[in-house]
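The values are calculated or read from the model by the stated rules, or taken from the named source; none is laboratory data. Small disclaimer: the values here were computed from a predicted structure and weren't measured. Because the Cβ atoms are built from the backbone with ideal geometry, glycine has one as well, and the counts that use them run over all protein chains shown. Protein only, heavy atoms only, side chains kept; ligands, DNA and RNA dropped before computing areas. Shrake-Rupley method; radii C 1.70, N 1.55, O 1.52, S 1.80 Å.
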Amino acid sequence: MSGETTGETTGTLRRDAIGLREVLFQSITAMAPAAAVAASIPSGAAFAGGSLPLSVLIALVACLFTASCVAELARELPAAGSVATYAAQGLHPAVGFLVGWGYVFVEALVPPLLLLQLGFTTAGTLHQEWSSYPADLWWPWSLAGAAVIAAAGYLGVRASARFGTVLGVFEVLVFLVFAVWLIGKAGSHNTLSVFGTSHTPKGHEGVSGVFAGSVYTVLAFAGFEAAAPLAEETREPRRTMHRAVLGAALGIGLFYVVTTYAMTVYFGPDRFAAFGASGGASWDGVARASFGLFWVLVFLAVVNSTIANANACANVSTRTAFALARIRVLPRFLAVLHPRYRSPVAGIAVQTVVAVGAVLGLGFGYDPVTAFLLLATVIVTVVVGVYIVVNLACAGYFLRRGRESFKVVRHLLLPLLGIGAFVPALLTAAGLPVFDFVSELTPPVSYAGPVVGVWMAAGVVVLVVLMRRHPDRIADTARVHIEEPASTGPVRNGVAPR
């Protein structure tokens, strides 16, 4: 009898459950395209002004360097451990453990980040439309979102990934239709001059303003690697992962360029430095002022984007935790799988508790917007650091282990360019005023650095203990389990024996 009918599981994730479409949208929704267009990318307008489309184009090229490295490693090493496995193989298993330790931590914080945004965006909009609705009644929406994400994850990767696909298609279509509408309305004001430096604002003139804008825009691309942890559940993972990671980065990058161009020429390049994430000079404000009830679709697309992003990153955190628990460098109960859906149910339960705890604890301890900014700073700081390490791992892997496939441009030049692109983004995210356009962080957002430092220091302690007592477990961070035959023996607590 199969494991599904006996109530047992082989201890492996469900193989061949999803294809290119689902994993492509896993990465797309992890980038939160609608939320990025409406809230993240406009942060670069203060520096690039009406030249922001050029900043976005530069950020796209810069991110493709790292996306290429992730895609190359995903093709060679299809593993649920993803970036941890890449670092272990390309650099050292100890580095792989630390990357996995940091990555699973911040990916577990992405769902509460997005649930906070879901709460304050929905509550704020309802209050704006109906003043009787309390503007501070945000938390029921956050909890409702947490329940939806937990249910989708529990039902397995097929249900969760298809749910993400539907959400992703909706948000992309809404903003593409709106962008085409804006371009049409702009008429004779359409101009390619926005891809030059002539519209940068006073104080940030020329190339320096465009560069500053691109650094802030780069952060909108975070998440393109999110397909990689689903490798063990994907059909033809080597081919599919490569196409999904590159396809998401390129496709959504072009989406960012088109939508930013559309709003810039419609709003006016020479006054675009005043454009932002809220008020009349924002996507929502323009939709309300000029396009009637179309603002409702824009609002729904942004709300949709928060749920889709939280869903995608819950998949990432639970699969990465499963991979590390499977080799016993994290508590082994995180590798427990549902006997029917093969979903990491223990990890999903922990993820839900973390999400609800962070949302309510930080949201009421400060306020939902401040809590959002604090979590965002923690997450982006670690994720950008992971991207830098993965670029190094790509060069290391193909120089050390994949020498027969080594290409100078693809496996050495592009990783170096990727590191060069993300170092300024890392300094900006951390609030280190190395550049004059970087604002130093203030409390409580400035607590992000110490939080990351404490977590990574704890990881070093765990690493030292494991290296002394169980060095084989650290070495196992480099294992690619999909290349091994599935266990058919009995299981205990949902985990197959090794």
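For this structure, a couple of remarks:
- If you wrap the Cα atoms of the range 377-488 in a convex hull and average its projected area over all directions, you get 10.5 nm².
- Here the peptides 261-272, 310-321, 83-94, 413-424 are ranked by packing, the mean other Cβ count within 10 Å, and the order with the highest first is 310-321, 83-94, 261-272, 413-424.
- Computed over every Cα-Cα pair of the range 63-134 and binned at 5 Å starting from 0, the pair-distance distribution P(r) comes out as 4, 15, 14, 15, 13, 8, 7, 7, 7, 6, 3, 1 percent.
- Cysteines in the chain that lack a partner Cβ within the 4.7 Å cut-off: CYS63, CYS313.
- At q = 0.12, 0.15, 0.17, 0.21 Å⁻¹, base-10 log of I(q)/I(0) for the range 194-338 (Debye sum, equal scatterers on each alpha carbon): -0.72, -0.94, -1.07, -1.34
- Given in Å, the Rg to one decimal and the Dmax to the nearest whole number for the Cα atoms of the range 323-446 are 19.7, 55.
- Eigen-decomposition of the gyration tensor built on the alpha-carbon atoms of the range 142-195 gives equivalent ellipsoid semi-axes of 38, 11, 9 angstrom, largest listed first.
- Computed over the chain, the per-residue total of -39500 (n - 2.57) for DSSP H runs of n ≥ 4 gives a 222 nm mean residue ellipticity of -21500 deg cm²/dmol, rounded to 500.
- Semi-axes of the equivalent ellipsoid of the range 22-114 are 29, 16, 13 Å, computed as sqrt(5λ) over the eigenvalues of the C-alpha gyration tensor in descending order.
- Considering every alpha-carbon pair of the range 73-197, the percent of pairs per 10 Å bin, from zero through the bin containing the longest distance, is 11, 20, 27, 25, 16, 2.
- Rg [Å, one decimal], Dmax [Å, integer] - the range 393-450, C-alpha atoms: 16.8, 51
- Span-rule helices in the chain, defined as complete DSSP H runs reaching 27 Å or more along the axis (Cα) with Kyte mean at least -0.5: 52-76, 93-129, 157-186, 237-267, 294-326, 345-365, 368-400, 448-469
- Length gained on full extension, ALA457 to PHE333: 42.3 nm, using 0.36 nm per residue less the C-alpha separation.
- Percentage relative contact order, the chain, counting C-alpha pairs under 8 Å, at least six apart: 34
- Here the calculated FRET efficiency for LEU413 and TRP130, from their Cβ-Cβ distance with R0 = 56 Å, stands at 0.50, rounded to the nearest 0.05.
- Take the chain with all the other protein chains still there, run a 1.4 Å probe, and you get 38 Å² of accessible area per residue.
- Extension reserve of the ASP472-LEU155 stretch, reckoned as 0.36 nm per residue once the Cα distance is removed: 110.8 nm
- Contact order relative to length of the range 258-327, as percent, for alpha carbon pairs under 8 angstrom and 6 or more apart: 13
- Measure of compaction for the range 111-257 (Cα Rg per 2.2 N^0.38 Å): 1.36
- Spatial separation of Cα centroids for the range 153-190 and the range 30-83, in angstrom: 17
- Over the range 100-154, the reciprocal of the mean inverse Cα-Cα separation, the Kirkwood hydrodynamic radius, stands at 12.2 Å.
- Percent of C-alpha pairs per 10 Å bin, the range 290-368, short to long: 17, 32, 27, 16, 6, 1
- Spread over its residues, the convex hull of the C-alpha atoms of the chain is 139 Å³ per residue.
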